[in-house]
1. Can you tell me which residues in the range 13-30 are assigned to a loop (DSSP other than H, G, I, E, B) and in contact with a strand residue (DSSP E or B) (Cβ under 9 Å, 6 or more places away or on another chain)?
2. Suppose we filter the range 208-232 for residues that are buried (at least 22 other Cβ atoms within 10 Å of the Cβ) and assigned to a strand (DSSP E or B); how many remain?
3. Restricting to the range 380-396, name every residue that is closer than 16 Å to THR408 by Cα and open to solvent by 50 Å² or more (accessible area, probe 1.4 Å).
4. Hey, among the residues in the range 192-207 that are among the hydroxyl-bearing types (Ser, Thr, Tyr) and in a strand (DSSP E or B), which one's farthest from GLU259 (Cα to Cα)?
5. Restricting to the range 278-301, name every residue that is away from ligand 2 (no atom under 16 Å from the Cβ) and more than 25 Å from GLN98 (Cα to Cα).
6. Count, please, the residues in the range 173-191 that happen to be in a helix (DSSP H, G or I) and over 19 Å from the mean Cα position of the chain (by Cα).
7. Might you check whether a residue that is within 16 Å of ligand 2 (Cβ to nearest atom), over 30 Å from VAL420 (Cβ atoms) and touching a Pro at 6+ places or on another chain (Cβ under 8 Å) occurs anywhere in the range 254-272?
8. Of the residues in the range 332-373, how many are surrounded by fewer than 13 Cβ atoms within 10 Å (Cβ to Cβ) and more than 14 Å from PRO407 (Cβ to Cβ)?
Amino acid sequence: MNILLLGGGGREHALAWKLAQSPLLKTLYAAPGNPGIAQHATLVDLDVGDHRAVVDFCLRQSIGLVVIGPEAPLVDGLADNLRVKGYPVFGPGKKAAQLEGSKGFTKDLCKRAGIPTAGYERVHSKGGAMAALDDFGLPVVIKADGLAAGKGVIIAETRQEAVDALDFMFSGALGGAGAEVVLEEFMTGEEASFFALTDGSAILPFGSAQDHKRVGDGDTGPNTGGMGAYSPARVLTPELEAEVMEKIIRPTVDTLAAEGMPYSGVLYAGLILTSEGPKLIEYNARFGDPECQVLMMRFDGDLAALLLAVAQGQLADQGPVQLADRAALTIVMAANGYPGTPEKGGEIRGIDAAQASGARVFHAGTAQQDGSLVANGGRVLNVTATGDTVGAAQAAAYRAVDAIDFPTGFCRRDIGWREVERETR
Ligand code: AMP
Ligand code: GLY
């Protein structure tokens with residue numbers, strides 16, 4: 001089977017690495033890909049925004065499965081346009097992808113399905129928001145409804161901060177994403193991510209992870225797309241996982257199916273473990289980046305077969321996902337300046353040395369330039385290792401980081417600290 005993988009970050013490098021190991025695979029194509037993905041796939045120059053061009057490519061290369069990595073093409077309806085032409089796609093259609101594309105859509109779904117989540121109100125104007133603000137205590141969470149690349153959530157500690165946040169949201173700074181806003185009650189508890197594959201009816205858990213959103217050690221500084229992650233997140237005990245499946249994932253899948261927009265792909269649930277039990281913070285309609293990298297390090301099955309079963313509505317025939325008990329941890333090496341304007345073009349050396357001891361270096365934002373590997377994005381490398389414990393995986397991953405020579409880059413030195421602290425308690 002020929003597979004087309006869309007995307008070009010560390011998540012897609014990890015997916016490409018696993019897909020390439022499948023006995024089902026004939027040729028793996030990737031667009032736009034990156035130098036790491038190119039080790040496993042033929043890179044093709046395809047504009048994912050041009051749906052007709054993607055469909056034409058699938059026809060020409062007899063593609064048997066399209067795997068869509070990032071959210072934007074999902075929210076844009078690419079999966080629907082491929083399915084209409086008969087191509088199996090891993091990833092939800094436009095309607096179901098609203099789970100990620102519209103925070104208000106997800107909150108309304110939670111209300112209809114009785115899914116535990118923060119109390120909320122959807123507002124469409126500054127005036128409406130100011131009136132609604134009085135219904136909330138402090139802190140209050142203010143979210144742009146649409147995709148905002150991690151910039152759409154503000155936790156306001158004071159009323160003035162809330163007013164400033166609303167001014168920002170309705171100023172147009174976030175474009176269409178901020179035209180509608182969701183006000184939310186602030187929840188407290190430890191956060192964890194949970195992943196599940198579904199074809200719209202069957203559901204298979206795909207493990208848990210925790211990431212580190214702040215740029216600096218000790219969870220300080222501005223938010224990022226994620227500076228590192230590990231899996232499993234043992235705070236999500238088997239009992240809590242069962243509760244999440246029953247109270248959050250199952251009702252989501254069933255409600256969307258009953259309402260004529262069945263969800264097919266991976267559900268990435270951002271959870272908060274409150275004193276009242278796990279609650280949903282948000283959904284993503286794709287694998288997390290860099291959470292996917294650690295999940296793939298633990299996954300021992302045939303990824304192409306599994307994603308194809310999802311795409312073809314045959315997940316019920318698959319056994320449980322084979323996730324190894326070992327822990328995996330990934331450290332993001334970012335370019336100086338990230339999450340602001342990252343420095344481009346800095347040379348990277350030492351990847352082979354870093355991988356010599358069994359670690360894997362996934363490329364997130366790299367490019368080949370005059371025979372050298374250089375930084376070409378904010379998050380540049382995902383240095384990933386496994387171990388019997390998160391502590392062992394952490395030690396192995398930092399040894400690999402230290403073998404890499406990337407003078408214009410940086411990383412956090414404390415990825416996994418919560419779990420390592422628990423393990424040594
Ligand atoms: P989101 O993009 O919705 O995941 O929000 C980003 C981050 O904001 C989450 O990872 C949480 O740390 C925080 N957050 C979002 N919503 C809430 C909430 N209702 N209560 C507390 N923290 C929240
Ligand atoms: N690491 C967070 C995300 O993928 O959304």
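1. Result: ALA20, SER22, LEU24, LEU25, LYS26, THR27.
2. Selection size over the range 208-232: 8.
3. none
4. Filtering first and then ranking leaves SER193.
5. ARG298, PHE299, ASP300, GLY301
6. Matching residues across the range 173-191 total 3.
7. Yes, there is a match, as at least one residue in the range 254-272 is within 16 Å of ligand 2 (Cβ to nearest atom), over 30 Å from VAL420 (Cβ atoms) and touching a Pro at 6+ places or on another chain (Cβ under 8 Å).
8. So the answer is 9.
The values are calculated or read from the model by the stated rules, or taken from the named source; none is laboratory data. Since the structure is predicted, the reported quantities are computational estimates derived from the model, not experimental observations. Because the Cβ atoms are built from the backbone with ideal geometry, glycine has one as well, and the counts that use them run over all protein chains shown. Quick note on the areas: whole protein, heavy atoms, side chains included, nothing else; ligands and nucleic acids left out. Shrake-Rupley method; radii C 1.70, N 1.55, O 1.52, S 1.80 Å.
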